[in-house]
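First up is the structure itself, then whatever we jot down about it.
Any read-out appearing in this document is the output of simple, stated calculations on the displayed coordinates, not a laboratory observation. On a predicted model such as this, the values are computed, not experimentally measured, just so you know. Cβ placement follows ideal geometry from the backbone for every residue including glycine, while neighbour counts extend to all protein chains displayed.
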Amino acid sequence: MKLTFSSMVAAGLMAVSMGATAAPMVTSLGGDNYQISFDPMTFNITTAGEVASIVFEDFYASVQPSCGSYVSGTVDSSLNGGATQALIGNSCTGAYNFLNDVDGNDLLVTIYSGFTGAYGTVNIGDVVALSNPVNYVFNLAGLNPAANAGPFDVFLVNNSFQRVSDIQRTGGGNVPEPGTLALLGLGLFGAGMRRKLQRA
């Protein structure tokens, strides 16, 4: 009985340590093409205007004073809980020059169309939800794609690269999944029962 309860506790702790990662990922597809993927995020709009890009601040380990090019893919999004829309990539993405709220070592996922305007017109108080991009590919010809470990501050910018949303934090560790938390709870319950039986 003692071995069973101890094993349950160990299994629960191990499952938590193997939880789902929340870090954004850039995957090399060969040559200069890369694919970006990240967990769903929700942003509160703080400045009326347009949404042109998702910015992962200080993503790259070194400054990238240049701009990659969009290849293919979309980012699913919704405005104020409305229907999901596929935001299509624009001509420039990856890393960009220092301009307003964007630095040369930021990762940009540049999006085009959607919401109510060419670059996604939004108002203060609106809520923009972004789902996982599927095969969002861009080209970083001539750039060093080495990334920092994170975590990263993420926000939305307009076409002038000025921040229009609050800032979210993503990456930098493992996040336990509900199933692993339940397993841990079961293990701790077993440990409690063991103590109770020893006292009896």
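Hey, with R₀ at 30 Å, roughly what FRET efficiency would THR84 and MET25 work out to, going by the Cβ-Cβ distance, to 0.05?
The computed FRET efficiency comes out at 0.85.
Could you list which residues have their amide H under 5 Å from that of THR93, counting only those 5 or more apart in sequence or on another chain, with H placed in the peptide plane?
When sequence neighbours closer than 5 places are left aside, the close amide H contacts are GLY68, SER69, TYR70.
Report the calculated FRET efficiency for ASP166 and PHE98 (r = Cβ-Cβ distance, R0 = 22 Å), to the nearest 0.05.
Efficiency, rounded to the nearest 0.05: 0.50.
In terms of modelled amide H atoms, which long-range or inter-chain residues lie less than 5 Å from the amide H of TYR112?
ILE88, GLY89, ASN90
May I ask you to sort ASP106, ASP166 by Cβ crowding, counting other Cβ atoms within 10 Å and putting the fewest first?
Lowest to highest Cβ neighbour count: ASP166, ASP106.
Per 10 Å bin from zero, what fraction in whole % of the C-alpha pairs of region 21-174 is there, up to the bin with the longest pair?
Calculated over all Cα pairs of region 21-174, the distribution is 12, 46, 36, 6, 0 percent.
With +1 on each Lys and Arg Cβ and -1 on each Asp and Glu Cβ, and nothing else charged, work out how big the dipole of region 21-174 is about its Cα centre, in Debye to the nearest 20.
Taking the Cα centre of region 21-174 as origin, the dipole is about 180 debye.
In terms of modelled amide H atoms, which long-range or inter-chain residues lie less than 5 Å from the amide H of ARG169?
VAL154
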